[in-house]
Amino acid sequence: MERILVLGAGTGGLVAANLLASHGYPVTLIEKRETHLFQPGMLWIAFQGHNPSRYTRPVKELVRPGVELVHGEVAGIDLGDRLVRLADGRTFTYTTLIIALGAHLDYDATPGHRELVERYGDFYSGASAAEKMWSHLRELTSGRLVIAAADPLYKCPPAPHKAAFLAAYTLKRMGRLGSVEVHLALPFLHEYPSEVVARIVAPKLEDDGVRVSTLFTVESIDVREGKIYSLEGEELDFSLAAVIPAHRGPMIRVEPGEVLDEDGFIKVDKYRLNVEGYDDAYAIGDSSNAPTSKTGVTAHLGAEVVVDRIMGYDSRFNGRTNCPIVADGTASFVISSYGHPPVPVKFTRFKRMLEDLFIASYWSSLKYPERWAPIFRAYFNATDPRVISGGW
Amino acid sequence: MQARDPLEMLIEELGDPELQESLEKMVKLVKALNRSGLLDVLLAMADEEVVARLSSMLVTTGTMKLADNIEELTRAAGEVAQALSEPVEPVPLSELVSSLRDPEVLRGLARLLKVLKALGRA
Ligand SMILES: Cc1cc2nc3c(=O)[nH]c(=O)nc-3n(C[C@H](O)[C@H](O)[C@H](O)COP(=O)(O)OP(=O)(O)OC[C@H]3O[C@@H](n4cnc5c(N)ncnc54)[C@H](O)[C@@H]3O)c2cc1C
């Protein structure tokens, strides 16, 4: 009997499972958490004091009636035997598998990192860590807030920029931006991996009062002394800091091990998204090694491609990204796809409104993806990097 | 914590006078929408294909660029409207040439050339 197994009820897994259910497929969705977190929301919790309840929903409220939701932690996958094993010993077989387990955040890779997060929270590890960050930010009256990263590969490449913009805005409103320095330390040559984007973001960061260090990859953190050391040999003092951890593939056993790359991400065909060497297993979103940015948009579009393929259409993933860079009242997007590096996209108020609309549609688009598909398709066609290569 | 019966919760909610008032208004609104025929239009538009056609018509590269620049456009239109409302005398050729030294006129001309170029491309 046909059974499609979807692993992980994050952005990609929920879109895939709900879409399949809307087409009448029998789907089982396995998730270890009871609540789904809208991850960008951590930025607003941590740096603007938003209430976490705005950004979390029980997983069971986000699945359609046709989806069988299993609460449990995946421990291993055997692709040859088409078998998924849970930590509690339960096993599931499948005819088609969709892996959407996201990325693992490796707080142990950087000495001092765990201590830092335990003390100050951050904006990557969860809603309560973000609340903790906010409780420290609102007390910060002088010194330096550092936003940094331990590795150049992390989900949502403009997330540290957004963090810096939002923090600077909050401090400005509190009248403390002069006495508190917001310092963005980036592991790149420029203010953004893409020079085209860097040229747009750099002046905006300066205007908004954010100091920037480039070529600063966090190597270790001394919480007691308030110092961050970089791989490149620099150091920064801090009064408060949030460091984005190194990302790895999901922490599960996968047989055969060759389908994992050196960081544990699942190797896929970058267009069809099937696991290398298997046509009955797919990996989407952050857990795959598809050569594009790890973002919710990518996970959502990947889920659509995989469901199309399961239905027999020759749909291809084009690596499209649409990462918002949110600043005070305005926004820009990092728009790229396979073979098309980011195009110049200026900061405007209209784009900020678009981003507000995207956020407002989030819960509905997870549960009823087929309703939103035509609208999103129109937007992605209108802003295809080939079409707006001259800029937007 | 015991999960509460949703029906029980609903009955409790219904005792709330604010909800009662909201519901009464809602019923009036729905009836009015139905009488005006608007509900039928909305129902027909909720069709997937209509949504697809509508969004591919409304959300285009052109409209995205237009909306993005709406503030500049309306500002420019405001300036133009202001200029149009001011009285003018016919300009002799000699003055026309000397007004070409005005940096605002030159910037305007440069913009006009860009617009002409874009029109030619379109
Ligand atoms: C601060 C921040 C800001 C961001 N901003 C944006 C943005 O503006 N736009 C954008 O597009 N993206 C943004 N992102 C990125 C986006 O949130 C992720 O890329 C997206 O959620 C990836 O979806 P996914 O389905 O691959 O993984 P996830 O959404 O992470 O889902 C993975 C799921 O798998 C579950 N899981 C993991 N391991 C197991 C296991 N062993 N067993 C069972 N379940 C398991 C997890 O609990 C989780 O529910 C942001 C991320 C952060 C942190």
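Determine if segment A:52-65 includes at least one residue that is of a type in the set (A, V, I, L, M, F, W, C), within 13 Å of the ligand (Cβ to nearest atom) and over 20 Å from the mean Cα position of the chain (by Cα).
As a first pass, look at segment A:52-65 and keep what is of a type in the set (A, V, I, L, M, F, W, C): A:59, A:62-63.
Imposing the further condition that a residue be within 13 Å of the ligand (Cβ to nearest atom) reduces the set to A:59, A:62-63.
Applying the additional criterion that residues be over 20 Å from the mean Cα position of the chain (by Cα) yields A:63.
Yes: one or more hits.
Working only within segment A:121-133, note down all residues that are open to solvent by 20 Å² or more (accessible area, probe 1.4 Å) and away from the ligand (no atom under 12 Å from the Cβ).
A:S128, A:E131, A:K132
Hey, among A:T91, A:T35, A:T28, A:T11, which residue is surrounded by fewer than 19 Cβ atoms within 10 Å (Cβ to Cβ), of a type in the set (V, I, T), closer than 29 Å to A:L166 by Cα and within 16 Å of the ligand (Cβ to nearest atom)?
A:T35
Do you know which residues across segment B:52-87 are open to solvent by less than 80 Å² (accessible area, probe 1.4 Å), within 8 Å of chain A (Cβ to nearest Cβ) and more than 17 Å from A:T348 (Cα to Cα)?
Selection gives B:A52, B:S55, B:S56, B:V59, B:T60.
Between A:A109, A:A168, which is open to solvent by less than 10 Å² (accessible area, probe 1.4 Å), away from the ligand (no atom under 13 Å from the Cβ) and out of contact with any Cys (no Cβ under 7 Å at 6 or more places or on another chain)?
A:A168
Kindly list the number of the only condition in (1) at negative phi; (2) open to solvent by 20 Å² or more (accessible area, probe 1.4 Å); (3) away from chain B (no Cβ under 14 Å); (4) of a type outside the set (D, E) that fails for A:Y368.
Against the list (1) at negative phi; (2) open to solvent by 20 Å² or more (accessible area, probe 1.4 Å); (3) away from chain B (no Cβ under 14 Å); (4) of a type outside the set (D, E), A:Y368 comes up short only on (3).
Scan segment A:282-305 and give yes if some residue there is open to solvent by 40 Å² or more (accessible area, probe 1.4 Å) and more than 16 Å from the ligand (Cβ to nearest atom), otherwise no.
No: segment A:282-305 contains no residue that is open to solvent by 40 Å² or more (accessible area, probe 1.4 Å) and more than 16 Å from the ligand (Cβ to nearest atom).
Residue by residue, here is whether (1) open to solvent by 60 Å² or more (accessible area, probe 1.4 Å); (2) part of a helix (DSSP H, G or I); (3) within 11 Å of chain B (Cβ to nearest Cβ) holds:
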| position | (1), (2), (3) |
| --- | --- |
| A:K351 | no, yes, yes |
| A:E355 | no, yes, no |
| A:W363 | no, yes, no |
| A:W372 | yes, yes, yes |
| A:A378 | no, yes, yes |
| A:V387 | yes, no, yes |
| A:G391 | no, no, yes |
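Do you know which residues across segment A:306-318 are farther than 14 Å from A:G12 by Cα and either open to solvent by less than 10 Å² (accessible area, probe 1.4 Å) or within 12 Å of the ligand (Cβ to nearest atom) (or both)?
Passing the criteria: none in range.
Do the conditions hold for A:L145, that is, is it open to solvent by less than 20 Å² (accessible area, probe 1.4 Å) and within 17 Å of A:G329 (Cβ to Cβ)?
Answer is no for this residue.
Being surrounded by 14 or more Cβ atoms within 10 Å (Cβ to Cβ) and within 16 Å of the ligand (Cβ to nearest atom) is the filter here, so list the residues in segment A:220-254 that pass it.
Of everything in segment A:220-254, those that are surrounded by 14 or more Cβ atoms within 10 Å (Cβ to Cβ) and within 16 Å of the ligand (Cβ to nearest atom) turn out to be A:A241, A:A242, A:V243, A:I244, A:P245, A:A246, A:H247, A:R248, A:G249, A:P250, A:I252, A:V254.
The values are calculated or read from the model by the stated rules, or taken from the named source; none is laboratory data. Worth saying up front: this structure is predicted, and the values here are computed from it rather than measured. Cβ coordinates were reconstructed from backbone atoms using ideal geometry, including for glycine residues, and neighbour counts include every protein chain displayed. Heads up: the accessible areas ignore ligands, DNA and RNA and are worked out on the full protein's heavy atoms, side chains in. Shrake-Rupley method; radii C 1.70, N 1.55, O 1.52, S 1.80 Å.
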